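Just so it is clear, none of the values below were taken in a lab; they were calculated from the coordinates. All values reported here derive from a predicted model rather than from experimental measurement. As a convention, Cβ positions derive from the backbone with ideal geometry for all residues, glycine included, and neighbour counts pool all protein chains shown.
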Amino acid sequence: MTHVCRHWREVGLELPSLWAGIVCAFPGPPHIQAIISRAGNVPLTVSVVHGNLDNRLGWSYADISRILHRARSFESDMLCNYRQRDFNGPWSILLAGSTLPLVTHITVPNSVPMCEVAGGWIRLDIPAFVNAPALCAPRLRALTIDLPWPVQAPSLRALCIYRHGTQWPWEVLADYFKAFPLLEELDLPIILGDHEYTASDHHRRGELEVVATKRAQINVPTLVRLPSLKRITLEHVGPGALKLLQHLEYPTSAVMKVLRIHYIRELFSSLVSRPEFNDTPLDHLTISNATSDTWESRPSLRAIWASGRPYLTGEHASENNTSISMLAIPFNFLMMCLLRTATANGVGGILGLAFSHDCTCAAYPGVQCRGTLELLDKREIVIFLRECIGVVALRLDRQVPKSSDIIISLLADPLLLPALITLDIDVHGVADQAWWSALRDMLRTRKAAGHPLVRLIIRGTGACHFSDCPGHQGLTRNDDSECLDLEDDVATCLSHREISLEQERLLVEEVVDARDDWVYLCECEDHCYASCDSDSE
């Protein structure tokens, strides 16, 4: 704006709010003084990241401390003064014992920076953590930190603590949370003893000593009340996390997100028997596998239990619904135990079921995409589906035709999923005519048996044409013509193979055509040209 013309330069120089929000866009002194001057008295947005730091124009702690009291938002990533080899970290030097009257958001994911030593990068010890003075931030509403530093923030609404490699005891966290009674969102780290960390212990010895010292200093509260809590996210769940939950009192309407949990029968039973799952039953299940599982001799899966609808992998972490994501375990053990454990604990039967394949097979040359169901034993799939008597909606997401064909053929038996009324298929990969015929035969059989599907949803870039391209020999043409019009031949071929969904509409009450992008993503024309060229040679 200041470099367009003289008029706009004058306008820009007189907008303090403009300059207050772009402090982070400049590498540091000496440019920062001009920016601060133009910002006037408007609170600043201060963001100092690793890219701002170099030996020539790097920020020093003194540079930051001169403007920090004016900050409305402060973000620091891997901040340290390389020129003075000062590795104590931004929290100890800048924030501990400070008063920031205006700040509402603080993000310091690396409060103790990393130091290069022989063998790589490791985190330093934390000598000042246990006795650090508190930061006073009366307006602070959102805090993201890696260690539970002492903070006086009576207005805090959102708290996230996560430090890779350090597992904090549930007792320390419970004691920490009691200082923030107005919390609405809580994102918890790995709890001590709940997740095995493989790094060398001597690299973390200083942090382990700090953890032990901190735990010895506190009196474990009997109950921490968080009456305003709306959402709690658990990275990993184990005995320590359950202990912490037992010492927290919050509304049963709060959304609980469990991002990763390894299956242990007693652990899952204890988790789903908590009161919050009575208000929001886990009535939808997604079974998925990642590409890396496709060549394992014993494929393992991920199961996502959720309330409201089945969530595809990755969706459940951000959506505002209660969910539990369970990590890899063999299908024959996981599915039966999950279903029976959930039913025994009052979660009830599932209403929605999805099979999802996180397909990135194209990134692995030589690996054939097999979907999810092709990896499983068909007999075990049948046994599992017989247990799902209440399922009303089934989604097949990104399954290659050979994989989804397994379920479609099984659904021809109306005793499997007898309550099913909605089938949602994301066709991943162009299917042949036999696949579509099998789908219609299944719809026809269920309708005749008195278990018709009411709603069929077709989506995906593979639902455009049959894959059967006859080449030149299968196309209608004038035998007297010596030169074939290849363009007309291809157009005729595509017309004959196009999926119109007209036959499907005769077999179900409602067909939803969700193929919004298929026209733009369809590659069948190129394949048809290649087939015709090959056939004419």
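At a glance:
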{"read-out": "Cα-projected label distance for residue 152 with residue 178, points at 7 Å along beta-carbon direction, nm", "value": "1.8"}
{"read-out": "Rough spin-label spacing in nm, given labels placed 7 Å along Cα→Cβ, for residue 377 and residue 225", "value": "5.4"}
{"read-out": "Nonlocal amide H pairs with residue 135, under 5 Å, H built at 1.01 Å", "value": "97, 151, 152"}
{"read-out": "Distance between modelled label sites at residue 246 and residue 455, nm, 7 Å Cα→Cβ extension", "value": "4.2"}
{"read-out": "Residues with amide H under 5 Å from that of residue 395, placed H, sequence gap 5 or more", "value": "353, 354, 355, 424"}
{"read-out": "Cβ-based net charge around residue 411, under 11 Å, with every Lys or Arg adding one and every Asp or Glu removing one", "value": "-2"}
{"read-out": "Among 390-396, 501-507, the order from most to least packed when residues are scored by Cβ within 10 Å on average", "value": "390-396, 501-507"}
